[in-house]
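> Mind looking over this structure? Questions follow.
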């Protein structure tokens, strides 16, 4: 529905301008407006048709995203050149003399050219695609759209960051990696650690049995991570898909805490021992 509304708008505009030009008066401005409406209608129709394709391959999704973005620029270029021609401007003469102007403008549009060139090469280099989970300059999220000039990335809070393609450097693509969610659980110093460690394998298997939708394997106990002021900190890890890295950590924290309580181990609280003679 979102794509149909502008499509109908351009179609109605084209019909109106065409009727005005045909039955009222043939004016170059009206002809140019009708042409612009027709080109925008065609571009929007092509974008809507591209949106109907839902390929499973991420590279194919990236190609569709780039083509959809490219249609905007092609439509603008066609409207500009065709419109000037309708208004009686010698486009060939402008194109012939644009070399010097392009050289002057090129210095001011250096970043724009870099964005466009980088966007084109994204197809061939296959560094990342639509749907990949990437980290760029500390921002981590899912690639939602790749355009000719910019890339849109959405984090877990559904915040979308738009980055110029030329600034997509030092990319960490984690889509195809198995990640590890980490959980540090504190226990009191008076806990019998050896007795607790004997019960951990069964607890790990029970957690996996309930959480197979998130965990790829049973959590693993790595050992004592820290001897803190009021507690002994134990570290656990579990293999999860990259998209579940945060939910996996939250789930592991919850199930370990509940499991420890069932085993009679309570989480410690900060305390101070005072000794007096």
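> Looking at 19, 11, 66, 7, which is the one that is out of contact with any helix residue (DSSP H, G or I) (no Cβ under 7 Å at 6 or more places or on another chain), in a helix (DSSP H, G or I) and either at pLDDT below 65 or under 30 Å from residue 174 (Cβ atoms) (or both)?
Answer to the check: 19.
> If I ask for residues that are at pLDDT 85 or above and surrounded by 20 or more Cβ atoms within 10 Å (Cβ to Cβ), which ones from the range 152-185 would you list?
153, 181, 183, 185
> I've got another one for you. Name the single residue, out of those in the range 49-59 being modelled with pLDDT of 70 or more, out of contact with any helix residue (DSSP H, G or I) (no Cβ under 6 Å at 6 or more places or on another chain) and assigned to a helix (DSSP H, G or I), that is nearest to residue 173 (Cα to Cα).
Among residues in the range 49-59 that are modelled with pLDDT of 70 or more, out of contact with any helix residue (DSSP H, G or I) (no Cβ under 6 Å at 6 or more places or on another chain) and assigned to a helix (DSSP H, G or I), the one nearest to residue 173 (Cα to Cα) is 51.
The values are calculated or read from the model by the stated rules, or taken from the named source; none is laboratory data. These numbers were taken from a predicted model, which means no experiment stands behind them. Virtual Cβ from ideal backbone geometry, glycine too; neighbours counted across all protein chains shown.
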